[in-house]
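Presented below is the structure to which this report refers.
The values are calculated or read from the model by the stated rules, or taken from the named source; none is laboratory data. It should be emphasised that the depicted structure is a prediction, and the values quoted were computed from it without experimental measurement. No Cβ is skipped: glycine too gets one built from the backbone with ideal geometry, and neighbour counts run over all protein chains shown. Side chains are part of the model used for accessible areas, which takes the heavy atoms of the whole protein and leaves out ligands, DNA and RNA. Shrake-Rupley method; radii C 1.70, N 1.55, O 1.52, S 1.80 Å.
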Amino acid sequence: MLFRSIHAMDREGEIVIRGERRSGQIEIEVRDTGEGMDEVTRARIFEPYFSTRPDGMGLGLAIVRATVEEHGGTIDVASVIGEGTVFTIRLPEIR
């Protein structure tokens, strides 16, 4: 996600990583002020081998999602063209 955020920005912008405990979960948010994604791209970004970059393998976010789900969590994405993207990971809190 951080790698995608870095590539989404054209040498300028901001990436904010936030983490907090919330309702028995750990929530991690990665927010960027990059180019954003259209709905078609957003719907496919977790598919293996889907990439928007000519040199991309399309495995990074598929692996992230599989890893998060294997640990009982979820990953969501929200994006607005021209404003940026937010990835939110929620994992069960371990006590």
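Tell me which residues, restricted to region 42-65, are exposed (fewer than 14 other Cβ atoms within 10 Å of the Cβ) and assigned to a helix (DSSP H, G or I).
Ala43, Ile63
Residues that are in contact (Cβ under 8 Å) with a residue 24 or more places away in the chain, surrounded by 13 or more Cβ atoms within 10 Å (Cβ to Cβ) and outside any strand (DSSP E or B): does region 9-18 have at least one?
Step one: of region 9-18, the residues in contact (Cβ under 8 Å) with a residue 24 or more places away in the chain are 9-10, 13.
Still in the list and also surrounded by 13 or more Cβ atoms within 10 Å (Cβ to Cβ): 9, 13.
Imposing the further condition that a residue be outside any strand (DSSP E or B) reduces the set to 9, 13.
Scanning region 9-18, I find at least one residue that is in contact (Cβ under 8 Å) with a residue 24 or more places away in the chain, surrounded by 13 or more Cβ atoms within 10 Å (Cβ to Cβ) and outside any strand (DSSP E or B), so the answer is yes.
Which of the following residues is more than 11 Å from the chain's Cα centre (by Cα) and surrounded by fewer than 16 Cβ atoms within 10 Å (Cβ to Cβ): Glu69, Glu35?
Glu69
Do the conditions hold for Gly24, that is, is it open to solvent by 30 Å² or more (accessible area, probe 1.4 Å) and not basic (Lys, Arg)?
Details: open to solvent by 30 Å² or more (accessible area, probe 1.4 Å): yes; not basic (Lys, Arg): yes.
The answer is yes for Gly24.
Cβ-Cβ under 8 Å, sequence separation 6+ or interchain: first residue in region 53-67 and closer than 18 Å to Thr88 by Cα, partner open to solvent by 40 Å² or more (accessible area, probe 1.4 Å) and among the charged types (D, E, K, R). Which pairs?
Gly60/Arg4; Leu61/Arg4; Ala62/Glu47
Consider Asp76 carefully, then state whether it is open to solvent by 80 Å² or more (accessible area, probe 1.4 Å) and not in a helix (DSSP H, G or I). Walk me through how you get there before you give the answer.
Numbers: open to solvent by 80 Å² or more (accessible area, probe 1.4 Å): no; not in a helix (DSSP H, G or I): yes.
It is false that Asp76 is open to solvent by 80 Å² or more (accessible area, probe 1.4 Å) and not in a helix (DSSP H, G or I).
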